[in-house]
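Encoded as structure tokens, the structure appears first; notes follow it.
Read-outs: derived from the displayed coordinates by stated rules, not from any lab. All values reported here derive from a predicted model rather than from experimental measurement. For neighbour counting, all protein chains shown are included, and Cβ atoms are generated from backbone atoms with ideal geometry for every residue, glycine included.
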Amino acid sequence: MRTAVTGRGMESDMAPVVERVLDSMRTAGLEPMLTPFVAQWLREHDVAVSDADVLEGELSGKDIDLCIGLGGDGTLLDTVALVGRAGIPVLGINLGRLGFLSNVRLEEVDQALGVLREGRYALQDRSLLEVTDHTEILGAHNFALNEVSIHKRDSASMITVHVHLGDDYLNTYWSDGLIIATPTGSTAYSLSCGGPILFPTSDAMVINPISPHNLNVRPFVVPDHYTIRLRLEARTDVCLLNLDSRSVAIAGDSTVTIKRAPFSVKLVQLEGHDFLRTLREKLNWGLDARSGASGRAMN
């Protein structure tokens, strides 16, 4: 199984850990193919890398069976951006902290790789958002797994965002910005702004203001067949358009059109690694604060 391996910059003491993970992959019958960034980082930390093990260029069109992101959720988002429309399944091995998306812990790597080798896993399609305008600055990377958001720049005054669902006017938001989140992204930026948690395969989107001026404005869940149109009014010339971890500057009077992308990302779901378990572990659901013990499931 030819496996692309991606990652971000890491601390120097992680080099032996990454080397050990790559050795475990080879033992499990997975052939690691490193992105140039990972290969260079390993070489800088005295880990031998063969030129034959390095991927060059786009993943699309290459003979790749799986793509593994080594790091936290930010790394997995970068991996999704790299995979793009290629349809290559994605798995995250968590070298970070929280890990809603990269949910294979280091101590589980050998077991997880064995499960991959034996084919005991499923692929779960996760919906993406697509920005259909601003192609001159977004190019082909006009999609996001977690959210598309509009934000004021620096310490500028709050912005005004007029929102339409299809042809119907929804609301005008006076706020620091606005988040349009996928079900996957409902546990990310949107959650930190008071948004609801959606099951990851729901056919829905969350419209969630960031620090709204009117406190009666609340996050709103809408079906994802809608096209969402945002018309901006800012007191400054520039606002920020964010697609997951990518950010570009756009004019403060821009229109941004968002819809569900016509393609999805395939996340690898290993046995014993599901969304409900992740919620319980990451958010301490079922934890009895009085005793520190985890509550038992009720029949």
Report task. For segment 198-271, calculate the relative contact order in percent as a whole number, restricting contacts to Cα pairs under 8 Å that are 6 or more residues apart. Result -> 25
Query raised in the report: How high is the FRET efficiency from F220 to A122, r the C-beta distance, R0 35 Å, rounded to 0.05?
Result: 0.65
Report summary line: For W174 and R26, extending 7 Å from Cα along the Cα-Cβ vector and measuring point to point gives, in nm, a value of 6.3
Report summary line: Between the modelled labels at V248 and L276 (7 Å from Cα along Cα→Cβ) the distance in nm is 4.1
Query raised in the report: What's the Kirkwood radius of segment 129-262 in Å, using all Cα pairs?
Result: 14.5
Report task. Pop the C-beta distance of L287 and S202 into the FRET formula with R0 = 35 Å and round what comes out to the nearest 0.05. Result -> 0.85
**Report entry** Under 14 Å from the Cα of K152 - aspartates and glutamates, other chains or at least 8 residues apart
**Finding:** D176, E233, D237, D253
Requested in this report: Only helical DSSP H runs with n ≥ 4 go in: add -39500 (n - 2.57) per run for the chain, normalise by residue count and round the 222 nm mean residue ellipticity to 500 deg cm²/dmol.
Outcome: -5500 deg cm²/dmol
Query raised in the report: Taking GluC sites (Glu not before Pro) that fall in a DSSP loop and have at most 10 other Cβ atoms within 10 Å as cut points, what is the longest piece of the chain between them?
Result: 57-299
